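The values are calculated or read from the model by the stated rules, or taken from the named source; none is laboratory data. Just so it is clear, the model here is predicted, and its values are computed rather than measured. In this analysis, Cβ positions are derived from the backbone assuming ideal geometry, glycine residues included, and neighbour counts consider all displayed protein chains. Accessible surface areas use protein heavy atoms only, side chains included; no ligands, DNA or RNA. Shrake-Rupley method; radii C 1.70, N 1.55, O 1.52, S 1.80 Å.
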Amino acid sequence: MTSPGSNPRVPPAPGSNVPGSIPRVLPHVPSIEVEAVSFAYPEGTRALTDVSLRIEPGETLAIVGQNGSGKSTLVRHLNGLLRPTGGRVLLDGADVRPVHVAHLAARVGLAFQNPDRQLFAGHVSAEIEFGPRNLGIRGAELAERVALALAAVGLESVATANPYDLGYSRRKLLALASVLAMRTPVLILDEPTTGQDARGVARVQDVVARAAAEGRTVIAISHDMRFVAECFRRVVVMRAGRVALDGPPSAVFAEAAWPELRASYLEPPLPAVAGARLGLGATPTGGAVVAALAAGPRNR
Amino acid sequence: MSMTRLPDYVVRRPSGFYRSTNPGTKLVVAALEVLAAFLLPGWIGPAVVLAAVLATAAVARRLRGLATFGLAASPIVGSILLVNLFLLPGASDPIARLGPLAPTWSGLWFGLQTVARLLAFSSAIALVYLTTTVDDLLADLSRRGLGRRAIFVVGAAVQMVPLTIERAGEILDAQRARGMDTEGRIWRRARGVLPLAGPVVFGALTEVEERTMALEARAFSAPGRKTLLRVPRNGRIDRFLLWAALLALVALVGIRVAGRLG
Ligand SMILES: Nc1ncnc2c1ncn2[C@@H]1O[C@H](COP(=O)(O)OP(=O)(O)OP(=O)(O)O)[C@@H](O)[C@H]1O
Ligand SMILES: [Mg+2]
């Protein structure tokens, strides 16, 4: 019998062999392939139809689309919580079908849309410990991971609070931190900015930027087009369980794609609209927009 | 009734045997069955009730739903059996001796009977769930003049069951996404699942509380008569069944009380 809580079938997390050290070198980041995946929920809702995507290691990908378009369903295929009824999901070219979720969780971290369906521990740091513990992390490294995850979302001051005494936005950040502490090479966030004020959004942006800088793959579902345009290099638009658009923000938010976006009940972000009017493309910098406006009406 | 002129998507009546029976009638029938399961002596109670529920479910084509329900009840059924089999106080007719353990015949019979009673009364209630939509039940109760608070309590309680199941499933998924092993040994799984009971119940309660406030915000308890969009069927058969069940219920209780006194 193994020591309580340890899980012999989950491979040790990268770097855990060096007690107390924070792995500066990222574990291997897998490529993700979604091959013609279809999925229907048991009671018959067809949530995905023939979805194909290839996500390279280190990519930052935003998934957008109206409510019920299948975004959450799609990401739950990437860590094996849902198994496709048609097609395959591959990590590094290997079908994930035979792999247990507990195994996949070491490689693909997923923070759920609704924190209240994720949080369960009696206090904040226990909640954050849960994931790394399941990966076999103990002792100094565990403490370090908790501290860093708390700091990343600005919850250091409430480490001993009960999660349910925090407001919604902080519970949501806690759910994010609890996945962050697992240091998975792939990080998936389901609507991380929903319910956040400007400071919360900035924290989430910071988390995404840092994970991306470390070379991790970051996938986020969002309805916040500004967040999407600013933080992600690739945008996938889903409509009725299919991929409607897929490309860099400059293409997906370009004027030519607006009819398609609007058919998916999405509005291009304001900078994209301004950029198009000012001839600056779909992803102008704030500075460029201000400069163009200051240059006077000739440019408009 | 003027209601029959409403478009189909508003009135969408349930169809099929027992499913279209009046919800209030079904409630009284279920109440009768629950009482019968406990008040009729020995094996008669559970046997009669189980037979009645199964027959009704079969004709209403709800046997599968009932089977799922039975499966969900199997852990508690198993533990009742085991506890009685080994630990029935005063039982002294051992079936065999297994080291320190001595399962007894009387324990086995008593356990089986308890389980049969439990299944009989709970499947009677489950059958109401399986054949009735919440809207119909609430509309019928309100038409019968039940107060709004009472209707809300019934509605919230009834809706909490599927909501709680759904919530529990997602909470479990969220922990699996964080590496909780749900595919390993039973004891390990159980240990992982137990701490989740808290948020499941807590969340369900919060949801009900929020719904109460949302209802209040929409003037739920404002005085005056409510307009009902759906009016469940209440034909001659429904009324006959209702009164028959009520009579049987009163008779059953009466006989038991008389038996005690006599
Ligand atoms: N557990 C479930 N059982 C049955 N159907 C479901 C379940 N979860 C989602 N669905 C259905 O599958 C479809 C896709 O849902 P999904 O949650 O993936 O959408 P989404 O794009 O994430 O929407 P949102 O923006 O509202 O989060 C919807 O029609 C939804 O009603
Ligand atoms: Mg979703």
Selection within the stretch A:63-86 - within 13 Å of ligand 1 (Cβ to nearest atom) and in contact with a Ser or Thr (Cβ under 8 Å, 6 or more places away or on another chain): A:Ile63, A:Val64, A:Gly65, A:Gln66, A:Ser69, A:Leu82, A:Thr85
Residue within the stretch A:227-237 that is open to solvent by 30 Å² or more (accessible area, probe 1.4 Å) and within 16 Å of ligand 1 (Cβ to nearest atom) present: no
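Determine which member of the set A:Ala272, A:Ala240 is of a type outside the set (Lys, Arg) and open to solvent by 10 Å² or more (accessible area, probe 1.4 Å). Lay out the reasoning, then the answer.
Details: A:Ala272 fails: open to solvent by 10 Å² or more (accessible area, probe 1.4 Å).
From the options A:Ala272, A:Ala240, the qualifying one is A:Ala240.
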Leading residue by the ranking (nearest to A:Gly80 (Cα to Cα)) among those in the stretch A:183-200 that are part of a loop (DSSP other than H, G, I, E, B) and among the acidic types (Asp, Glu): A:Glu191
Number of the exception - A:Val89 against (1) within 16 Å of ligand 1 (Cβ to nearest atom); (2) open to solvent by 40 Å² or more (accessible area, probe 1.4 Å); (3) at pLDDT 95 or above: (2)
Candidates A:Pro27, A:Pro57, A:Pro23 - the one that is in a loop (DSSP other than H, G, I, E, B), modelled with pLDDT of 95 or more and away from ligand 2 (no atom under 16 Å from the Cβ): A:Pro57
Residue list for the stretch A:188-215, restricted to those being more than 20 Å from A:Val124 (Cβ to Cβ) and away from ligand 1 (no atom under 16 Å from the Cβ): A:Ala198, A:Val201, A:Ala202, A:Gln205, A:Val208, A:Ala209, A:Arg210, A:Ala211, A:Ala212, A:Ala213, A:Glu214, A:Gly215
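Output the residues belonging to the stretch A:201-220 that are outside any helix (DSSP H, G or I) and either more than 14 Å from chain B (Cβ to nearest Cβ) or away from ligand 2 (no atom under 16 Å from the Cβ) (or both).
Of the residues in the stretch A:201-220, the ones outside any helix (DSSP H, G or I) are A:214-220.
Once the filter is applied, which keeps residues that are outside any helix (DSSP H, G or I) and either more than 14 Å from chain B (Cβ to nearest Cβ) or away from ligand 2 (no atom under 16 Å from the Cβ) (or both), the stretch A:201-220 yields A:Glu214, A:Gly215, A:Arg216, A:Thr217, A:Val218, A:Ala220.
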Filtered residue count, the stretch A:30-54, keeping only those that are within 14 Å of chain B (Cβ to nearest Cβ) and within 16 Å of ligand 2 (Cβ to nearest atom): 2
Residue match in the stretch A:118-133 (condition: open to solvent by 10 Å² or more (accessible area, probe 1.4 Å) and either within 16 Å of ligand 1 (Cβ to nearest atom) or modelled with pLDDT of 95 or more (or both)): no
Hey, A:Val101 within 26 Å of A:Ser178 (Cβ to Cβ), touching a Lys or Arg at 6+ places or on another chain (Cβ under 6 Å) and within 12 Å of chain B (Cβ to nearest Cβ) or not: yes
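When you scan the stretch A:153-163, do you find a residue that is within 14 Å of another protein chain (Cβ to nearest Cβ) and away from ligand 1 (no atom under 16 Å from the Cβ), even just one? I'd like the intermediate steps shown before the answer.
First, the residues of the stretch A:153-163 that are within 14 Å of another protein chain (Cβ to nearest Cβ): A:162-163.
Filter once more, keeping what is away from ligand 1 (no atom under 16 Å from the Cβ): A:162-163.
Yes - at least one qualifying residue is present in the stretch A:153-163.
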Those residues of the stretch A:112-132 which are in contact with a helix residue (DSSP H, G or I) (Cβ under 7 Å, 6 or more places away or on another chain) and either within 8 Å of chain B (Cβ to nearest Cβ) or basic (Lys, Arg) (or both), in sequence order: A:Phe112, A:Asp116, A:Arg117, A:Gln118, A:Leu119, A:Phe120, A:Ala121, A:Phe130, A:Gly131
Residues of the stretch A:48-66 that turn out to be more than 15 Å from A:Ala220 (Cβ to Cβ) and open to solvent by 10 Å² or more (accessible area, probe 1.4 Å), as a count: 7
Residue in the stretch A:70-79 that is of a type in the set (Ser, Thr, Tyr), within 16 Å of ligand 2 (Cβ to nearest atom) and within 14 Å of chain B (Cβ to nearest Cβ) present: yes
